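A.B. asks: I am attaching a structure below and will ask some questions about it afterwards.
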Amino acid sequence: MTALPGSLLPDNATVSQGGSLAVAGCDLLALAEEYGTPLFVYDEDHMRARCREAVAAFPDGVAYAAKAFLCQAMAKLAYEEGMHLDVATGGEVHIALAAGVPAESLVFHGNNKSMAELHAGLSAEVGRVVVDSFDEIDRIETVVGEGLAPPRVLIRVTPGIEAHTHEYLQTGVADSKFGFSLAGGVAEEALARAERSPAMQLMGIHAHIGSQVFVVDSFVKAIGLLAPLVQSIDASEFSIGGGLGVAYVEGESTPSITEWAEAVKAAADATGIRSRILAEPGRAIVAAAAITLYRVGTLKRLKGGRIYAAVDGGMSDNPRPVLYGSGYEAFLPRSVEADRHLSVRVVGKHCESGDVIVRDAAVPEDLQVGDVLATPVTGAYGHSMGSNYNMIMRPPVVFVRDGRARVVVRRETYDDLVRRDV
């Protein structure tokens, strides 16, 4: 296989005369030496550019889906660039507020918000609450009855769309834990109840059909199904949610945020929707901005020909391959433009046979123990879904910009692993 496609690298990736890779003027090998491995390296200006693109594409309002990657620095960055934040738990609300994001700029999601979470969100006066169940309506009415102001809400509707993505990432099908089904009049019942309730201000309808969706036609179909419902309540707001996919491996392609927005707005116009069109991209903002650096500790060559390259991370910093069978590329930052003719299975150091990062990775033939090995497009759902399995310390996160690196999340220590024990 030829060299890694440059399209999978962050916007500000460059190759030195010696063939090594730098991002935003910071050499990756030098970063690995300074901060250790595993290490998440994010191109800050890449993320800022995607935020600005999203704000321009959805001028009525666009929220960054914080579940993709969240820390205080990321919350602050998205808000600085004009985005609201889509938060799904009390913890995500807390981090956003701690970063200085005004509560008015938060869109509060979650299919099972507790009384404590709702009380905290409504006390802070979050901008929107996306209502997911009749039980949640009951809880909101109880919390408001305790003296809090009625929140502005969107009713989440599952349109019955089977988006072209992994089964676990489909959230718009009728059989889903999320939202109110369009089938059987359930969504209409929820909207009628929200309209009658003095405990909430109904703003409109929300839909999210899934994650890592490559085909904009899936969004267009959802809009066609939801249009009569949106029009029936004269909704002031209609959110298409997020889910736009990104390319992870050679040969994949996906629409840009701008192209996605154009398709969504054209479908809304064609169906007569006059509501403000909102959206919540997450993966599309951060995924391609990051590279994860590992160090190769073991090369095990089996008699059948397979080569296992074991690195110092694994499913604790990137569980996506284990959860969804997600594919990634691999390369050596010391020779990013080298042909990759050697096939290896990149595995982690966890006590699981399924701890695989890249099942069939193409790497240069001179791969050796001690090399820094990198996987691109790891900015979404790696750090945020990470764990301490086997008591592995979670990696640090570094933002790079204009030749400077700054740690925004420090590496955990052994002391951190026992800090909560009593």
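A.B. asks: If you filter the range 185-266 for GluC sites (Glu not before Pro), then keep DSSP loop positions with at most 11 other Cβ within 10 Å, what is left?
C.D. replies: Sites meeting the loop and neighbour criteria: none at all.
A.B. asks: Using Cα pairs closer than 8 Å and at least 6 residues apart in sequence, work out the relative contact order for the chain, in percent.
C.D. replies: 21
A.B. asks: Another one. Relative to the present Cα-Cα distance, how much length would full extension add between Asp135 and Cys351 at 0.36 nm per residue of separation? Numbers along the way, then the final one.
C.D. replies: Values: separation 216, 0.36 × 216 = 77.76 nm, distance 4.02 nm.
Length difference between fully extended and current span is 73.7 nm.
A.B. asks: Here's a follow-up. So what's the angle, to the nearest 10 degrees on a 0 to 90 scale, between helix 257-270 and the longest Cα principal axis of the chain?
C.D. replies: 20
A.B. asks: Right, here's the next one. Running a GNM on the chain with Cα contacts under 10 Å, which residue among Glu125, Glu280, Glu33 ends up with the highest mean-square fluctuation?
C.D. replies: Residue with maximal mean-square fluctuation among Glu125, Glu280, Glu33: Glu33.
A.B. asks: Same structure again: Pairing the Cα long axis of helix 134-145 with the longest principal axis of the chain, what angle in degrees results, from 0 to 90 and rounded to the nearest 10?
C.D. replies: The answer is roughly 70 degrees.
A.B. asks: Could I ask something else about it? Springs between alpha-carbon pairs under 10 angstrom, Gaussian network model over the chain: which of Gly179, Gly210, Gly147 fluctuates most?
C.D. replies: Of Gly179, Gly210, Gly147, the Gaussian network model singles out Gly147 as fluctuating most.
A.B. asks: Additional query: Rounded to the nearest 0.05, what FRET efficiency do Glu195 and Ala98 give with R0 = 25 Å and r taken as the Cβ-Cβ distance? Could you check? Display every interim value, and only then the final one.
C.D. replies: Details: r = 35 Å, r/R0 = 1.40.
Calculated value: 0.10.
A.B. asks: Helix-derived [θ] at 222 nm for the chain: sum -39500 (n - 2.57) over DSSP H runs of at least 4, divide by residue count, nearest 500?
C.D. replies: Computed ellipticity for the chain at 222 nm equals -8000 deg cm²/dmol.
A.B. asks: Shifting gears a bit: Given R₀ = 35 Å, what would the calculated FRET efficiency be for Leu302 paired with Ser253, taking r from the Cβ atoms and rounding to 0.05?
C.D. replies: Values: r = 35 Å, r/R0 = 0.99.
My answer for the efficiency is 0.50.
A.B. asks: Would you mind calculating the gained length between Gln17 and Tyr414 on full extension (0.36 nm times residue separation, minus the Cα-Cα distance), in nm to one decimal? Display every interim value, and only then the final one.
C.D. replies: Details: separation 397, 0.36 × 397 = 142.92 nm, distance 3.94 nm.
Full extension from Gln17 to Tyr414 adds 139.0 nm.
A.B. asks: How high is the relative contact order of the range 44-286, in percent, with contacts defined as C-alpha pairs under 8 Å that are six or more residues apart?
C.D. replies: The value is 20 percent.
A.B. asks: Excluding same-chain residues fewer than 8 positions from Lys303, which lysines have a Cα within less than 27 Å of its Cα?
C.D. replies: Lys349
A.B. asks: Of the candidates Pro281, Pro150, Pro159, which one comes out as most mobile in a Gaussian network treatment of the chain with C-alpha springs shorter than 10 Å?
C.D. replies: In the Gaussian network model the winner is Pro150.
Coordinate-derived values only; no laboratory data. In this text the structure is predicted, and so the values were computed from the model without any measurement. Every residue, glycine as well, gets a Cβ built from its backbone with ideal geometry; the counts of neighbours run over all protein chains shown.
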